[in-house]
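The values are calculated or read from the model by the stated rules, or taken from the named source; none is laboratory data. Computed from a predicted model, the values in this text were never measured in an experiment. Cβ placement follows ideal geometry from the backbone for every residue including glycine, while neighbour counts extend to all protein chains displayed.
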Amino acid sequence: MEISTLDSFYNFLFILSLVGLVIFVALYFVDAGYGKMRTEKWGPAINNKVGWCLMEMPVFFVMLYLWAKSDVKFQLPYLVFFLIFQFHYFQRSFIFPFLLKGNSKMPLAIMGMSVIWNLLNGYIQGYWLFHLAPHCIKEGIIPNIYSVDWLADWRFILGVTIFFLGWIINMHSDHVIRHLRKPGDTNHYLPKKGMYKFVTSANYLGEITEWLGFSILTWSWAGLSFFWFSCCNLVPRANSIYHRYEKEFASEFDKKKLKRIIPFIY
């Protein structure tokens, strides 16, 4: 689908945000069928490592393509946006899957839906940053917020700080989860290190923090839609994980006063 005007682009983001809201509500009634919540009802499944690679790579390559086809790709602010975004997705596409332990499966249905979302999101972020925004700035439709001066703007500095704070939380939380068990151990454990002292889904906290930072550092509706959609997907899933841990570790759960995904709040 070609989005040729600013208005149609914003309308598309609005529709996608409504879809996100529907998903948000639905996931409070239906558990997303991957990871801890996978069940046979989700149908055929493939190796989890392969599934992660296949569902995360599309956004990496779509962003790469849109950046490479842009006239502004080597202008400093746009290059920085590109590198920050790809910094996350290179890790998620080509490193994270191979760090996973065990032989768990990912339903093909979940992987397929994720591929569609990642294709759309890669297009939205790349089209806005490298094609639509530069055109609108050139035509005077929007202010030139993406000049070199933007790299010293408080919004960019704050956004980058939040993004990398979220990345650190995300990476450390994944590390904690991967090392809960010793080789050969099949028991289940409640994660307790890092941000898991405060929430049961610290990895999701890290991820939504990253995209909050990205939305601020790009100061765009496109970035905000990504943050919103991430929340719509991950917050209900964090709720499901919270209740699963609550039942599985009842003896130690209540005394910790853990939250789901936002420390001290939810």
Practice prompt. Among what's in segment 1-57 and is in a loop (DSSP other than H, G, I, E, B) and surrounded by 15 or more Cβ atoms within 10 Å (Cβ to Cβ), pick the residue that is modelled with the lowest pLDDT.
Written response: 3
Item to complete: Restrict the check to segment 241-248 and report whether at least one residue is under 18 Å from residue 86 (Cα atoms), of a type in the set (A, V, I, L, M) and out of contact with any Asp or Glu (no Cβ under 9 Å at 6 or more places or on another chain).
Response: no
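Take residue 262 and decide whether it is assigned to a loop (DSSP other than H, G, I, E, B), of a type in the set (A, V, I, L, M) and touching a residue at least 60 places away in the same chain (Cβ under 8 Å).
yes
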Fill in: Looking only at segment 117-158, and only at residues there that are within 19 Å of the chain's Cα centre (by Cα) and polar (S, T, N, Q), the one that is nearest to residue 57 (Cα to Cα)
118
Worksheet item: Given (1) outside any helix (DSSP H, G or I); (2) basic (Lys, Arg); (3) in contact with a Phe, Trp or Tyr (Cβ under 8 Å, 6 or more places away or on another chain), where does residue 101 come up short, assuming only one miss?
Response: (3)
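Condition test on residue 240, is it in contact with a helix residue (DSSP H, G or I) (Cβ under 8 Å, 6 or more places away or on another chain), polar (S, T, N, Q), surrounded by fewer than 21 Cβ atoms within 10 Å (Cβ to Cβ) and in a helix (DSSP H, G or I)? Walk me through it before giving the result.
Numbers: in contact with a helix residue (DSSP H, G or I) (Cβ under 8 Å, 6 or more places away or on another chain): yes; polar (S, T, N, Q): yes; surrounded by fewer than 21 Cβ atoms within 10 Å (Cβ to Cβ): yes; in a helix (DSSP H, G or I): yes.
Yes.
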Practice prompt. Check segment 148-162 and report whether any residue there is assigned to a helix (DSSP H, G or I), over 25 Å from residue 49 (Cβ atoms) and of a type in the set (Gly, Ala, Ser).
Written response: yes
Practice prompt. Sort through 215, 225, 220, 230 and tell me the only one that's modelled with pLDDT of 95 or more, farther than 17 Å from residue 118 by Cα and either among the polar types (S, T, N, Q) or surrounded by 22 or more Cβ atoms within 10 Å (Cβ to Cβ) (or both).
Written response: 220
Worksheet item: Assuming residue 219 fulfils every condition listed in (1) on the phi < 0 side of the Ramachandran plot; (2) touching a helix residue (DSSP H, G or I) at 6+ places or on another chain (Cβ under 9 Å) apart from one, which condition is it?
Response: (1)
Fill in: Answer from 180, 190, 205, 165 - the residue that is surrounded by fewer than 21 Cβ atoms within 10 Å (Cβ to Cβ) and closer than 22 Å to residue 85 by Cβ
165
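From the list 194, 206, 166, exactly one residue is modelled with pLDDT of 95 or more, at positive phi and assigned by TED's automatic domain parsing to the domain that holds residue 265. Which is it?
Just one listed residue meets the conditions, 194.
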Worksheet item: Filtering segment 90-124 down to residues that are surrounded by fewer than 14 Cβ atoms within 10 Å (Cβ to Cβ) and in contact with a Lys or Arg (Cβ under 7 Å, 6 or more places away or on another chain), which residue is nearest to residue 167 (Cα to Cα)?
Response: 99
Worksheet, complete the sentence: Of the residues in segment 163-204 that are farther than 20 Å from residue 91 by Cα and either assigned to a helix (DSSP H, G or I) or of a type in the set (Lys, Arg) (or both), the one that is farthest from the chain's Cα centre (by Cα) is 182
